[in-house]
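Report on the following structure.
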Amino acid sequence: MEDNVLDSAPLYEKRIPIIPRTVHGKFRNFKTSVLVFALSVFFLLPWMPWQRESGIPQAVAFDVMGRRFFVFDLVVYPQNVFWLALLLFIAATFLFFATALIGRAFCGYFCFQTVWTDLFMFVEKWVQGERPARMKLMKQPWNGEKILKIGATHAVWLLLAFWTGVTFILYFGYAPDLLHRFFIGQAASAAYYTVFALTFSTYLAAGFMREQICAYICPYGRFQSVMYEPETLAVAYDYHRGEGEKGRVTMKGDLKSLESRHEQGHGDCIDCGICVQVCPAGIDIRDGLQYRCISCGLCIDGCNEVMSSVGFPRGLIRYDSEYNIESGSPKPPHLSWKRLKVLGYLIAIIGMSALLVVSVLHQTDMEDSVEQIRQPLYVVMSNGEIRNRYEIRLDNDSQGDAVYQISTPDLPAGALDLGVMQTVRVHSGQTVLVDVGVLLWPDQIMKHRKFNFVIKSLTNPKDVEVIPSNFSSELSAS
Ligand code: SF4
Ligand code: SF4
């Protein structure tokens, strides 16, 4: 019987549309400021020009062909993958740090999903009107007005989603040129696939799935609970104050003043439902901390508006810790950072950030390595000399072409065999592999088993690298 119930239970709960009410307050203002800032940066940054010796004259650009990434004056090459690893580590640790301190605040204000969903909701409100008008529109039968308003909403959403996709690809080339080629059909096919995929996914995620992405798809929402501690500040309903001994009750009869409500054992919550109506996740924070809550603080603004309008103290819903609320006589909420976990995250962030800054500041324009060719390890020539071969890798990380000179000052004259190339030219951002030989007579080997390759940039004479190497033979092995 139980099996049958489970078999017939749907695997996926149908989404109930959420039509949030507009709210005013400091959290709404902060959220709007972040939205305007984040979208301005994303949409405008590809259009910021930047002069550099070679490469795309754009402040931030991925040069796919040149295998480099420009961020203002910094050029990042694939060999700098270490920086990416550090950045990811810092970002992840910062997320843990912020969650331990102030809960899921990243989700509520900074996440792409939140920002784009908020943008789409603004469009919805702009075209269809406030919550009551949108609810009426949803319930009314399809007529001219409904077709026009719903059609216009989806048209603007699609346009925004399309421009999101187009803006994304503009980071992979020179924006004015790439945009022109895109619209005359001469961009790379990957550009069209990317724009199509991003248009579709943005339209779907911000227009339809919205809070379901946070509840079902994003893994962070699921594991956030392990990062919460009783001292973590999170959006919370002051249960004791709101419910009293006999529970919440509307403002009716002689329950309109705080004194009479408290005398009769009722709390301060007037059960107006505003906190639920403004919630973009469609939840009731009065039921306690929930995994669907993205900590956006809009219910705080909503409840504060209500409290002010009825003359009750604000802060019935607020950023507070479970520890403080459960104490029975809560003190003003404060950021509790003196905890082992928080300090551990902080130390890791500072340490890794310092390492990243030092690594970036000490980046040289050239990176080289020498590898001895081991098959065969050495060759005895017909005249008795012994030859080793080495593969030298020259990476030119500067913004212009460079000419390099390879030498072995420790070895006897004529020991280094560079072939026909006495110097090597490497284009900006390119890597060249040079095959060189070292020839020694048997009586020289013991003295020169260890020697240095010196690689010098003739273009930037300050770039000199000394790379220790070994000479191998039967003699040196003994
Ligand atoms: S309950 Fe809703 S409105 Fe309140 S913080 Fe959570 S997601 Fe935002
Ligand atoms: S907005 Fe405040 S007063 Fe109204 S139901 Fe929510 S918690 Fe109660």
Quiz item: Measuring from label point to label point, each 7 Å out along Cα→Cβ, what is the LEU258 to LEU346 span in nm?
Solution: 3.4
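How high is the FRET efficiency from ALA59 to VAL226, r the C-beta distance, R0 56 Å, rounded to 0.05? Show your work: numbers first, answer last.
On the way: r = 39 Å, r/R0 = 0.70.
It comes to 0.90.
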Self-check item: FRET efficiency, 1/(1 + (r/R0)^6) with R0 35 Å, evaluated for VAL36 and GLN79 via beta carbons
Solution: 0.40
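Evaluate the charge dipole of the chain about its Cα centre and quote only its size in Debye, nearest 20, assuming +1 on the Cβ of each Lys and Arg and -1 on the Cβ of each Asp and Glu. It would help to have the intermediate numbers written out before the result.
Working: 44 positive and 46 negative charges, 271 e Å.
Charge dipole of the chain: 1300 debye, to the nearest 20.
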Self-check item: Mean Cβ neighbour count within 10 Å, used as a protection proxy, ranking 108-114, 214-220 highest first
Solution: 108-114, 214-220
Quiz item: If we count every other residue with Cβ under 10 angstrom of ASN304's Cβ, Lys/Arg +1 and Asp/Glu -1, where does the sum land?
Solution: +1
Practice problem: Run the quick spin-label model on VAL156 and LEU88: label points 7 Å from Cα toward the beta carbon, then report their separation in nm to one decimal. | Solution: 3.8
Quiz item: What number comes out for the charge environment of GLU130, summing +1 per Lys or Arg and -1 per Asp or Glu over other residues with Cβ under 11 Å away?
Solution: +4
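Net charge near ASP118, counting Lys/Arg +1 and Asp/Glu -1 over other residues with Cβ under 15 Å of its Cβ? Show your work: numbers first, answer last.
Details: positive: ARG21, ARG28, LYS31, LYS125, ARG210; negative: GLU124, GLU211, ASP301.
Once positives and negatives cancel, what remains is +2.
Using the Cα centre as the reference, give the magnitude of the dipole from point charges on the C-beta atoms of the range 229-326 (Lys, Arg: +1; Asp, Glu: -1; all else neutral), rounded to the nearest 20 debye. Intermediate values should be presented prior to the final figure.
Details: 10 positive and 17 negative charges, 75 e Å.
So the magnitude is around 360 debye.
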Quiz prompt | For the range 366-477, size of Cβ-based charge dipole, Lys and Arg +1, Asp and Glu -1, in debye | solution = 240
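Beta carbons within 10 angstrom, averaged per residue: use that to sort the peptides 293-299, 431-437, 233-239, highest first. Let's see the in-between values first.
Working: 293-299: 25.6, 431-437: 15.6, 233-239: 22.0.
For the peptides 293-299, 431-437, 233-239, the packing ranking is 293-299, 233-239, 431-437.
Hydropathy at least 0.5 by Kyte-Doolittle, axial extent at least 18 angstrom from the Cα trace: which helices of the chain, defined as entire DSSP H runs, fit? Present the calculation step by step, with values, prior to reporting the outcome.
Numbers: long enough: 26-44 (27 Å, 1.14); 81-102 (31 Å, 2.58); 112-128 (24 Å, 0.33); 144-170 (38 Å, 1.20); 189-204 (23 Å, 0.95); 298-310 (19 Å, 0.85); 340-361 (31 Å, 2.32).
What comes out of the filter, once short or polar helices are dropped, is 26-44, 81-102, 144-170, 189-204, 298-310, 340-361.
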Exercise. Would you work out which of CYS214, PHE97, PHE72 lies farthest towards the positive end of the dipole of the range 11-226, given +1 charges on the beta-carbon of Lys and Arg and -1 on that of Asp and Glu, about the Cα centre?
Key: CYS214
Quiz prompt | Mean ellipticity per residue at 222 nm, deg cm²/dmol - from DSSP H runs of n ≥ 4 across the chain, formula -39500 (n - 2.57) | solution = -12500 deg cm²/dmol
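Which longest run of the chain has no exposed loop site in it, a site being GluC sites (Glu not before Pro) in a DSSP loop with at most 10 other beta carbons within 10 Å, and the site itself not part of the run? Kindly include the intermediate steps, with their values, before the conclusion.
Details: sites that count: GLU13, GLU53, GLU245.
Maximal segment without exposed cleavage sites: 246-478.
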Quiz prompt | Of LYS14/LYS146; LYS139/LYS246; LYS14/LYS149; LYS125/LYS331, pairs whose Cα-Cα distance is over 27 Å | solution = LYS139/LYS246; LYS125/LYS331
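Every number in this text was worked out from the coordinates using simple rules, so none of it is lab data. Keep in mind the model is a prediction, meaning the values are calculated, not measured. Virtual Cβ from ideal backbone geometry, glycine too; neighbours counted across all protein chains shown.
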